[in-house]
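The values are calculated or read from the model by the stated rules, or taken from the named source; none is laboratory data. Quick caveat: nothing in here was measured; it's all calculated off a predicted structure. So basically every Cβ, Gly included, is an ideal-geometry build from the backbone, and we count neighbours across all protein chains shown. What goes into the accessible areas is simple: the full protein's heavy atoms, side chains included, and nothing from ligands, DNA or RNA. Shrake-Rupley method; radii C 1.70, N 1.55, O 1.52, S 1.80 Å.
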Amino acid sequence: MADVYVAVDIGASSGRLMLSKLVDNRLVIEEVHRFKNGFVHYQGHDRWNIDKLIEEILIGLNKIKEAGYHSVSLGIDTWAVDYVLVDGKGKKLQDPIAYRDTRTQGSIEKLTSDLSKEYIYKKTGIQFLDFNTLYQLFEEDRDLLAKTDKIMMIPDYIGYVLTGNSVTEVTNASTTQMLSLREGLFDNHLLEKVNVKQSQFPKLVEAGTVLGDLKQKLIKKYNLPKTEVITVTTHDTASAVVGTPGIGQRWAYLSSGTWSLIGTELNTPENGTKAFKQNYTNEWGAYGTYRFLKNIMGLWIIQNIKHNLDDKYSFAQLAELAKKEPPFQQLIDVNDERFQNPDNMIVQIQAYCRETQQKVPETPGQLAMAVYSNLSLYYANELAILDDILEYHIDSLNIVGGGANVALMNQLTATISGVNVYAGPSEATAIGNIIVQMITKGDILNIYLARRIITNSFEIKEFKPENGKYPQVLQKYQSFLKDHKG
Ligand SMILES: Nc1ncnc2c1ncn2[C@@H]1O[C@H](COP(=O)(O)OP(=O)(O)O)[C@@H](O)[C@H]1O
Ligand SMILES: C[C@H](O)[C@H](O)[C@@H](O)C(=O)COP(=O)(O)O
Ligand SMILES: [Mg+2]
């Protein structure tokens, strides 16, 4: 029986260790350690310093031991698609390349020149993003692949370093766009396409599987608590969905962090023609569910603007400055690939507005409001698309992640979409990670009861549509997108 549960949640911009326990059937959560994350360009590619991330985890675990906890349960979740190549001695062959690296630009067209997108989508149900693992392996250094004993997804690799045991957890495995919906295995045809063998992946496991104990040598060297590692929903977005309160009859979620992931939870995949044409994905979720969602560029854009302004403003200050500006002064396709990894985001946004003969945002407040208001338009448009694909009306949107703190964006989204927005918890990813551990250990019976506990444990703000405000702006945006799809 663990004294306490610990979630390691590492997103693209930040990582954190959250400590949690159940007290009178409420979830109490405390941030123990937070650290920055981000890729750096070296040895020819944008890469993640994964050794540093593991060191941060050990620092966080030491803090937990110093706080008097001697036995913990631990779960690890991170961003998707990226992987570590490991040799026969269990050593990584290189620091992992980041999904925003330019090596996969144009790879979808190359790989699908003799393998149709329809075939791949029917098999996997996964959205076409050029950084999916399938295209990364297609472009991978052949010599390195030849030396590779195991291909480990990022969170699985971290679990391997901590315990010596390796698995491939299915929620993250599905983001590779190589996992067959029907067989529940990596599709042999797709593996052949990228010269990889089934045996090069550790065995596939469901979320909620016990991985093993933290290595004794690490416990001794860093003065750590006795730790049992559980393989949770290791794709952070899958954990975020578990940690979503799920308020509403037919609810959708928006995991609002570096990425915005908008969608709903299905019990069977939806990989029909409409979903294919709208590039919706069926990433695997917890407990046999599917995360029917779409990736939207998200607060990555704000993160870059903040950086371009030499980090003079906090995120909260940028949101405050935005509130002083009118919304919808310009229309921007936030998913235009020019925003995926530009040298300077402000320059890119201003160039976009000039090229589309629109008002150019100049001040930090104007830039932030341009992003927030166009994100809210994009979300509202996607909710309408979801209604059309699923053939029922989504009546509420649960916004979780750091973006849940942006009240003006929550309100604009409610008003433009016409659905109630429920914002919070901002740490839903870590909460979902913890929930899967607690269900595995029998402390919580199932996800339905867990979501009731979440609703009763955290502040969730409601934003109702302001009817009649900004009439026709969504329709204007929808025709703008048709004319300017980037
Ligand atoms: N108080 C705040 N006010 C405005 N924005 C915020 C606030 N807190 C977090 N954010 C937004 O949330 C984002 C981080 O969300 P988070 O879910 O932690 O991202 P990730 O998991 O991708 O690292 C930041 O980039 C920022 O835009
Ligand atoms: C590339 C994936 O779509 C990406 O990993 C996304 O699912 C994700 O990780 C979102 O998490 P953030 O916390 O980084 O926004
Ligand atoms: Mg996150």
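General observations
- Computed label-point distance, nm, for sites GLU206 and ARG250 using a 7 Å Cα→Cβ extension: 2.8
- With K and R counted +1 and D and E -1, the other residues having a Cβ less than 13 Å from that of GLU169 yield a net charge of -4.
- Projecting the Cα positions of VAL167, THR102, GLY90 onto the charge dipole of region 5-236 (unit charges on Cβ atoms of Lys, Arg, Asp and Glu, taken about the Cα centre) puts GLY90 furthest along the positive direction.
- Counting only protein chain heavy atoms and rolling a 1.4 Å probe, the accessible areas of LYS63, LYS203, LYS150 rank, largest first, as LYS203, LYS63, LYS150.
- GluC sites (Glu not before Pro) restricted to DSSP loop in region 154-209 with at most 13 other C-beta within 10 Å: GLU183
- Loop sites in region 278-341: trypsin sites (Lys or Arg not before Pro), DSSP, at most 16 other Cβ within 10 Å: LYS312, LYS324
- Estimated [θ] at 222 nm from DSSP helical runs (n ≥ 4, -39500 (n - 2.57)) normalised by residues in the chain, nearest 500: -11000 deg cm²/dmol
- By accessible area, using a 1.4 Å probe on protein heavy atoms only, the chain has 49% of its surface on carbon and sulfur.
- Bridgeable lysines around LYS21 (alpha carbons under 21 Å apart, same-chain partners fewer than 8 residues away excluded): LYS63, LYS65, LYS226, LYS441.
- Accessible surface of ILE444 - all protein chains present, 1.4 Å probe, nearest 10 Å²: 10
- Our estimate of slack between SER314 and LEU266, defined as 0.36 nm per intervening residue step minus the Cα-Cα distance, is 13.6 nm.
- Accessible solvent surface per residue of region 73-172, calculated while the other protein chains remain in place, 1.4 angstrom probe, Å²: 31
- The modelled label-to-label distance between ASN446 and LYS323, using points 7 Å beyond Cα along the C-beta direction, is 4.2 nm.
- A simple spin-label model places pseudo-atoms 7 Å from Cα toward Cβ; at VAL360 and ASP213 they are separated by 6.4 nm.
- Basic side chains Lys and Arg get +1 at the Cβ, acidic Asp and Glu get -1 at the Cβ, and with that the dipole of the chain about its Cα centre reaches some 420 debye.
- Exposure of LYS226 as accessible area (Å², to 10), given a probe of 1.4 Å and all protein chains: 120
- Region 416-486: GluC sites (Glu not before Pro) falling in loop per DSSP and having at most 14 other Cβ within 10 Å: GLU459, GLU466
- Listed by chain and number, the lysines whose alpha-carbon sits under 30 Å from that of LYS123, ignoring those within fewer than 8 places in the same chain, are LYS110, LYS147, LYS150, LYS193, LYS197, LYS203, LYS274, LYS277, LYS294, LYS482, LYS485.
- Heavy-atom accessible area per residue - region 185-279, 1.4 Å, Å²: 42
- Assigned charges on the beta-carbon of Lys, Arg, Asp, Glu; region 145-293 dipole about Cα centre (debye): 360
- Here's the picture: charge each Lys and Arg Cβ at +1 and each Asp and Glu Cβ at -1 in region 223-282, and of ASN223, THR273, THR244 the one pushed furthest to the positive end of that dipole is THR273.
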